[in-house]
Amino acid sequence: MKSLFANVWTKRVVSVLSVVYTYFVIRLCYLSIFYNITVHERTSLCIALSGLSLAAIVVMLYTRKQILTRICSFLILPAMLPVVLLYFGEWGMIIPIIVVGIVILLLSGAGEGVKTALATMILLAYIFTALGYFMFTSFFVASTKEEVIGSGVSPSGEYRYRIVNTIDSSDGCTSVYVEPNTADIKNAFATFSLKNLERIVYTTRPSIEEVDVKWETQTRQDITKYYNSISDRIEVTLTDAELKDLGYTYDNKLMLTNLSASRKFALNRTASQVDPVPIDQLNQEQLDFFGIAKDAEGRYYVKDPSPELVKKNGSEPGDRLYFNEMKPKALKYFNNRNVDPPTGITYFNVQKSHTVMLNSLTDEQLAKLGVSDKGDVMTIVIHKNSHKSVDEEDGEDTQDEQPTSEEPTAEAASEEGGQEQTDPAENSGEEAPKQEAKPAEEKKDETDTKVIFRYYVAELEDYYDLDSRRLSLELLNS
């Protein structure tokens, strides 16, 4: 048995367990960057991690001279730096792993000079990173007091919400947040929630104390019909891949934008018309006026490109400069040249549009874009506080409501009315005889009902991208 444990191949095989433990630490580092943690069983988590870490120390000390263990000993402490900062306070999870990292770094089989240099670098990284992080959170992250007055999950389980009262110097505000309920990583000890997925779907000032939430299920066809009844100018923004799937090409989505008044007149438009003009709606004379040509296949190109434009695009002189093949810097140069030098007025720009009209999309196309056949719709009922009559000295209280638009365009009109109506006070112009004073009249408690979230818009506008992971300073605010 002694010879078995002394065998170098036994140590090499066992050193793989060091890699497994290090992978677990790196995985925790990844989760700390992109996920918030909610620990359910702190004691159980601490005991489990302590036992796992004790076993890891034994394995690593046994295989400390193996190359895999040496590499792992250099990785554990750096990988724990984001965990310490972003999960600060979860010491039952942090301390056992930090102890393992320190012990194996100091007792690994690496040379003393290497260990000293690495330990110094890691220590300085912890000090300066922690200093920078706490300065950032102290000076650049607004400190407000929040109180959650309501939370729950939609009937399908796809979404969850919370209603938050924020206390500040301006009478506070009430906001409703909605986020997907399917992006969590759960285990027996903790739940990891993906950061920066919450979307504010409604906010109002001043804060209110009573908000009722109602969920219902609506079909894709009914919601489409409703939006089209509001306006025929509702636009949907699509990606290049989605446009291609729907049969659009680069050229039939090319637009003339930022048109000056003189260029609008050339298109028989008035100066007040500001909508982008599809290039495929122009006749040959108009194309010539804008210096654009069209080949037999329906592709647009610059009619007489300047040598500077050809150089910017890296093309050969005499080659056609197609817009769909033009490099971004060349297209930017082309647009910047269409400017009146004395006044700086832009004549026109050429750019690809990524929007289509909602009423031009069929139900099958909406399904292809990822809109489910039916889903959750959220309605809130706000119980407004009673206000005293405007005859009083302080006057009438008002609320500044700012519902977040959840329609797929900025051009559509507001979908719900729900504005508070107040009756003006009636004041007599003549002096009335003295009467017995009456108590101030209290207004009846009013309610305001608003639809603030539809699954339809969340899916169509890609509110929640569960697959992308992007490093940014916003991750430090969570």
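Residue 314 passes every criterion in (1) at positive phi; (2) surrounded by 12 or more Cβ atoms within 10 Å (Cβ to Cβ) apart from (2). Within region 349-373, the residues that satisfy the criterion of being more than 24 Å from the chain's Cα centre (by Cα), within 14 Å of residue 223 (Cβ to Cβ) and not polar (S, T, N, Q) are 361, 363, 373. For residue 270, the criteria (1) outside any strand (DSSP E or B); (2) among the β-branched types (Val, Ile, Thr); (3) in contact (Cβ under 8 Å) with a residue 40 or more places away in the chain hold in every case but one, which is (3). Being in contact (Cβ under 8 Å) with a residue 12 or more places away in the chain, more than 30 Å from residue 180 (Cα to Cα) and touching a Cys at 6+ places or on another chain (Cβ under 9 Å) is the requirement here; does residue 104 meet it? Here the answer is yes, as residue 104 does meet what is asked.
Which one is modelled with the lowest pLDDT among residues in region 200-219 that are under 24 Å from the mean Cα position of the chain (by Cα) and open to solvent by less than 20 Å² (accessible area, probe 1.4 Å)?
Taking region 200-219 as the starting set, the residues that turn out to be under 24 Å from the mean Cα position of the chain (by Cα) are 200-205, 213, 215.
Filter once more, so that each one left must be open to solvent by less than 20 Å² (accessible area, probe 1.4 Å): 201-202, 204.
Details: 201: 94, 202: 93, 204: 89.
Per the criteria, the residue is 204.
Evaluation of residue 38 against the conditions (1) part of a helix (DSSP H, G or I); (2) under 29 Å from residue 186 (Cα atoms) shows that the sole unmet condition is (1). Checking each residue in region 147-199 for being open to solvent by 70 Å² or more (accessible area, probe 1.4 Å), in a strand (DSSP E or B) and either touching a helix residue (DSSP H, G or I) at 6+ places or on another chain (Cβ under 9 Å) or not small (Gly, Ala, Ser) (or both) picks out 147, 148, 153, 167, 186, 199. Remark: pairs (first residue in region 460-478, more than 30 Å from residue 368 (Cα to Cα); second residue at pLDDT below 80; Cβ separation under 7 Å; 6+ apart in sequence or on different chains) = 477/141. Of all residues in region 334-344, none are among the hydroxyl-bearing types (Ser, Thr, Tyr) and either touching a residue at least 12 places away in the same chain (Cβ under 8 Å) or surrounded by 12 or more Cβ atoms within 10 Å (Cβ to Cβ) (or both).
The values are calculated or read from the model by the stated rules, or taken from the named source; none is laboratory data. Fair warning: this is a prediction, and the values are worked out from it, not measured in the lab. Heads up, the Cβs are rebuilt from the backbone with ideal geometry, glycines too, and the neighbour counts pull from every protein chain shown. With ligands, DNA and RNA removed, areas are computed over all heavy atoms of the protein, side chains included. Shrake-Rupley method; radii C 1.70, N 1.55, O 1.52, S 1.80 Å.
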